[in-house]
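Visitor: Following this message is one structure expressed as structure tokens.
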Amino acid sequence: MDARYKSREIERRSLDVDGLKRSFLEWLVYSVGKDARAATRRDWFHTVALAVRDRLVDRWMDTTRTYYQQDAKRVYYLSLEFLIGRLLTNSLANLGITDQCRQALDRIGLNLDDVVEAEPDAALGNGGLGRLAACFLDSMATEALPGYGYGIRYEFGLFEQRFEHGWQVEYPEQWLQFGNPWEFPRPEVLYPVQFYGRVEEFRDSVGERAYRWVDAERVLAMAYDTPVVGYGGDTINTLRLWSARATRDFNFGHFNDGAYMKAVEQKVLTENLSRVLYPNDATEGGKELRLKQEYFFTSASLQDILRRYLQHHSNFDSLPDKAAIQLNDTHPAIGIAELMRLLVDQHGVTWDKAWDITRATFSYTNHTLLPEALEAWPVRMMERVLPRHMQIIYEINAKFLNRSKARAAGDNGRLSRLSLIDERGDRRVRMGNLAFLGSHKVNGVSALHTELMKQTVFADFHAEFPERINNKTNGITPRRWLHQANQPLAALITSRIGNGWIKDLSQIKALAEKADDLVFREEFRRAKRKNKKRLAAYIARQTGVDVQVDSLFDVQVKRMHEYKRQLLNILQAIALYNEMRDNPTVSWVPVTKIFAGKAAPSYHMAKLIIKLINDVAKVVNHDPSVHDNLKIVLLPNYNVTAAEIIMPAADLSEQISTAGMEASGTGNMKLALNGALTIGTLDGANVEIREHVGDDNIFIFGLTAEEVNDLRASGGFNPRDVIASNPSLKRALDMISTGVFSPDDPHRYHPILQALTDGGDHFLVTADFSDYCQAQQAAMDLYRDQEEWTRKAILNTANMGWFSSDRTIMEYATEIWDVHPVKPEHPAETET
Ligand code: RUG
């Protein structure tokens, strides 16, 4: 090998400060094309990212090659959302070269923290579901599991949220505007995906009835690969995202007609498929583009999975031994019909065999019980967009209902509930039922949620397949959410118990014995204070509001949704505001209420709640009579990057959903791991958090899921009675209704008041108000005793080890996927 080339090869892998510095200077000139004097912060970000990328490519290829050579069983995580956030800090930390990189940049006169700020936040997801997928990628790579993520490379991620006069306004999020140094385009990895057309029946070579999908429109799915670095950098997996490309023949007809503009227009329309992420947490049915997006990425992923499988196999008998496909919610559930189509129509596998293979390969995670979020596509739309799939779904359904008929013993209600088709009104395909039926395992995301799944949405299916439903309580990656986001606390923990916790979070339990150590408590508080100072500066920059660093940071960060009850929180803030004004001589615990979260653009009630929070904040923050003891801020544009600043700084974590409605929550885990005490209902994973951190170290309030159910069923709940009997709630609502917070438009909040009264208060805000205020009071009282507060905070951090996504992913691997760790072989490293 040419000596110069070889030395470059080594240089590309060198992890020391000099090597990094040389690479930076070389990359800036030869790849970014800039002179050091003219380089912007963004140029430096690209430079550093490209140089870091060099250092992981060899190991990435080694990982892929090892999987191939060992024909290892792979797991494919199909998800319409991956909320990955920034990658530079993550890659540096997981490669273990943060300090070297910092020093190398220092020598060039640059600050790593500034460079990091130039990276856009990859927001290819809405909230918890997408972030969970990103945490799982990190855990699969860290646990050396052969795992691939498959999704869509949206050109526009989740919208950017701004507040204009207190209202949410959405702007496009152009994260790819300046290029993405982490991704590798694969123009050769291209699969056709069809839509529309019709199905033709014919006789195959042995005279059997067969089908082909003809006259369809064709789109191409092109792959973009992003390396996923596991902690330690040994395993580097792949996230493969699909981008839509118009086929060339698609446009030919138009060109020949001379209709150039029409051809171009068609190309643009086709490529719209991967243009934008749908901004709804709860999908509304009836959006054709959304259905096409789901099929587009699922079909491309399955074609890719089969291609990889066929490199080693000549028939599909052992597909379930070589591939596990996880459906992240119902979004990729059409994959069940698609795999059937590929096996039966394209590869000539018999129906029954194909069905066995399909079921053994797929598994499905349910993330919600909310009826509006359970996808159901109109049959007429499905027949038009995916005619062959609709036939396949009919056939799966007919066979299944036929089999169940005997057991249902004439119970037609049961059969119609089990059916894949909802025959009521406008006929719809129930994607949850399809996902359930086509999977060998179906899981919920917290113990409570899984139990409720068995009792509610999937009760009939559970009776039919009692072994299928299982629980996999969510988790979070300790790398991003403690090691990287909270460096002061991470360093403190490591100084006491070593750094084993980064890869094995159960080790953090050893901190529990430090909870009584006064010196440790002091250092723990110091770390928290540092994070609070950072957040206070961020709040000042974003909102112009100055907050007291030593006030109680009371944090509610998540999507804006009525069931998450930001409204309950702001009503309590108004009540507290009134108490402070009524009792000016009392020495109040200063409180800073911090909110952040986006509302779906079409969700008017959630947007009105945003406006209410901003309106209340304006009044409270400018009222001198509360002496700065209460501040309220709503931070704009909540995303992963903002969460990394907020989570480490919180004292109190608001997890106050109506019991039975939050499937799990993962923000609750991030906050508790960072030493915040939870104030919450017995909902989702809060139940398990309480079990781990202990009853004394959490503020639980409100109705239980069972009580919520009973109260609603009884029909005897009257919110007006509750309001009349609670003067502080009544006063808060009166202030809203008389325009104290909206003098320019006193009736602005009529819809909210209406929902809480005549609307029946579906989310039971009024029912839980009094208990919530008491829990808040208990939190404020405890906060006065900083020693006791810190002791409990330490116990929260120490007892959150079980909530690592490494634990969750290993449960999936052993109990659902039967996928095992594979150590990559790194031959190049032994050579040099
Ligand atoms: O709302 C749920 C959260 O409770 C959960 O923690 C998260 C991850 O499992 O998923 C959220 N979710 C549910 N996001 N979208 C949906 C409905 O499709």
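Visitor: For region 510-633, divide the Cα radius of gyration by the Kirkwood radius and give the resulting Rg/Rh value with two decimals.
Guide: So for region 510-633, dividing Rg by the Kirkwood Rh gives 1.03.
Visitor: Sort the following peptides by mean Cβ neighbour count (other Cβ atoms within 10 Å, averaged over residues), highest first: 711-719, 757-765, 383-391, 513-521.
Guide: 383-391, 757-765, 513-521, 711-719
Visitor: Any idea what the alpha-carbon Rg over 2.2 N^0.38 Å comes to for the chain?
Guide: Relative to the rule-of-thumb radius for its length, the chain sits at 0.98.
Visitor: Kindly list the residues of region 443-457 that lie in the label zone of D710, defined by a backbone N under 18 Å from the point 7 Å along the Cα-to-C-beta vector.
Guide: It comes to 452, nothing else.
Visitor: Considering only DSSP beta bridges where both residues belong to the chain, give the percentage that are antiparallel (nearest 5).
Guide: Here the share of antiparallel DSSP bridges comes out near 45 percent.
Visitor: Suppose each label sits 7 Å from its Cα in the direction of the beta carbon; what would the S318-A72 distance come out to in nanometres?
Guide: Taking the two extended label points, one gets 1.7 nm.
Visitor: For R430, enumerate residues with amide H under 5 Å from its amide H, sequence gap 5+ or separate chain, H modeled in the peptide plane.
Guide: I421, D422
Visitor: With r defined as the distance between the Cβ atoms of R65 and D16 and R0 fixed at 35 Å, what FRET efficiency is calculated, to the nearest 0.05?
Guide: Given R0 = 35 Å and the Cβ-Cβ separation, E is 0.85.
Visitor: Return the Cα extents of region 686-832 along principal axes one, two and three, sorted largest first, each rounded to a whole Å.
Guide: That works out to 77, 40, 38 Å along the principal axes.
Visitor: Bins of 5 Å, beginning at zero and ending with the bin holding the largest distance: percent of Cα pairs per bin for region 97-150, please.
Guide: Binned Cα distances yield the sequence 4, 15, 16, 13, 16, 17, 13, 6, 0.
Visitor: Students often check this: by mean Cβ neighbours within 10 Å, which of 613-620, 74-81 ranks highest, and how do the rest follow?
Guide: 74-81, 613-620
Visitor: For R41 and T456, what is the calculated FRET efficiency with R₀ set at 51 Å and r taken between the beta-carbons, to the nearest 0.05?
Guide: So the FRET efficiency works out to roughly 0.50.
Visitor: Pull up the cross-link candidates among the aspartates and glutamates for K399, meaning alpha carbon to alpha carbon under 16 Å and not fewer than 8 places away within one chain.
Guide: The reachable aspartates and glutamates, counting only those whose Cα sits under 16 Å from K399, are D352, D356, E464.
Visitor: Additional query: Skipping prolines and chain starts, which residues have an amide H placed within reach, meaning under 5 Å, of the one on T235, given they are 5 or more residues away or on another chain?
Guide: So T235 has HN proximity to G230.
Visitor: Shifting gears a bit: Mean residue ellipticity at 222 nm from the helices of the chain, using -39,500 (n - 2.57) per DSSP H segment of n ≥ 4 over the full residue count, to the nearest 500 deg cm²/dmol?
Guide: -14500 deg cm²/dmol
Visitor: Quick one: Cα convex hull volume of region 299-458, Å³ per residue?
Guide: Output value, Cα hull per residue: 119 Å³.
Visitor: Could you give the radius of gyration (one decimal) and Dmax (whole number) of the Cα atoms in region 107-201, in Å?
Guide: Calculated on Cα positions, Rg and Dmax stand at 19.0, 70 Å.
Visitor: Any chance you could run the full-extension gain for Y309 through T247? It's 0.36 nm times the residue separation minus the Cα-Cα distance, nm to one decimal.
Guide: Full extension of this stretch gives 19.7 nm more.
Visitor: Calculate, for A409 and F178, the FRET efficiency according to 1/(1 + (r/R0)^6) with r their C-beta to C-beta distance and R0 51 Å; round to the nearest 0.05.
Guide: Computed FRET efficiency for A409 and F178: 0.20.
Visitor: Here's something else I'd like to know. By how many nm would the segment from N111 to D758 grow when fully extended, if each residue of separation counts as 0.36 nm and the alpha-carbon distance is taken off?
Guide: Net length gain for the segment: 227.2 nm.
Visitor: Run the Debye formula on the Cα coordinates of region 387-527, all scatterers equal and no solvent, and tell me log10 I(q)/I(0) at q = 0.15, 0.17 1/Å.
Guide: Debye output, listed in q order: -0.79, -0.93.
Visitor: While we're here: With θ set to phi - 60° and the Karplus curve 6.51 cos²θ - 1.76 cosθ + 1.60, what are the ³J(HN,Hα) couplings of region 504-520 in order, to the nearest whole Hz, using x for Gly and Pro?
Guide: Once θ is set to phi - 60°, the couplings for region 504-520 become 9, 5, 4, 5, 5, 3, 4, 6, 4, 6, 8, 5, 9, 8, 4, 5, 4 Hz.
Visitor: Among M222, M661, M647, M61, which comes first, second and so on when ranked by fewest other beta-carbon atoms within 10 Å?
Guide: With the sparsest Cβ surroundings first, the list reads M61, M222, M661, M647.
Visitor: Further question: Between R74 and residues 5 or more places away or on another chain, which pairs have amide H atoms under 5 Å apart, with H built 1.01 Å from N, and which residues are they?
Guide: The list, which skips near neighbours in sequence, is A323, A324.
Visitor: Testing the spin-label approximation: label points 7 Å from Cα along Cα→Cβ at N578 and R541. State their distance in nm.
Guide: My value for the distance between the label points is 3.8 nm.
Visitor: On to the next question. Where in region 631-660 does the amide nitrogen come within less than 15 Å of the point 7 Å from the Cα of A778, taken along Cα to Cβ?
Guide: Under 15 Å, as judged by backbone N against the label point of A778, lie 653-656 of region 631-660.
Visitor: Applying the Karplus parametrisation 6.51 cos²θ - 1.76 cosθ + 1.60 with θ = phi - 60° to the phi angles of region 689-696, what ³J(HN,Hα) value in whole Hz is obtained for each residue in order, glycine and proline being reported as x?
Guide: Couplings: 5, 4, 4, 7, 7, x, 3, 7 Hz.
Visitor: Among rounded, prolate and oblate, which fits region 586-741 when a ≥ b ≥ c are the square roots of the eigenvalues of its C-alpha gyration tensor, a/c under 1.5 means rounded, and a/b larger than b/c means prolate?
Guide: rounded
Visitor: Whole-Å semi-axes of region 478-808's equivalent ellipsoid, largest first, each the root of 5 times a Cα gyration tensor eigenvalue?
Guide: Its equivalent ellipsoid spans semi-axes of 33, 22, 18 Å.
Visitor: Return the lysines within reach of K441: Cα separation strictly under 18 angstrom, same-chain partners fewer than 8 residues apart disregarded; answer none if there are no such residues.
Guide: Here the lysines satisfying the reach criterion relative to K441 are K73, K322, K454, K472.
Visitor: Using the Karplus curve 6.51 cos²θ - 1.76 cosθ + 1.60 with θ = phi - 60°, what ³J(HN,Hα) values do you get for each residue of region 43-60, in whole Hz, with x for Gly and Pro?
Guide: With the stated coefficients, region 43-60 comes to 4, 5, 4, 4, 4, 5, 4, 5, 5, 5, 4, 3, 7, 10, 5, 4, 5, 5 Hz.
Laboratory data are not the source of any read-out in this text; all were calculated from the coordinates shown. The shown structure was predicted, so the numbers you read here are calculated from the model rather than taken from an experiment. Counting neighbours? That spans all protein chains shown, and the Cβs are built from the backbone with ideal geometry, glycine included.
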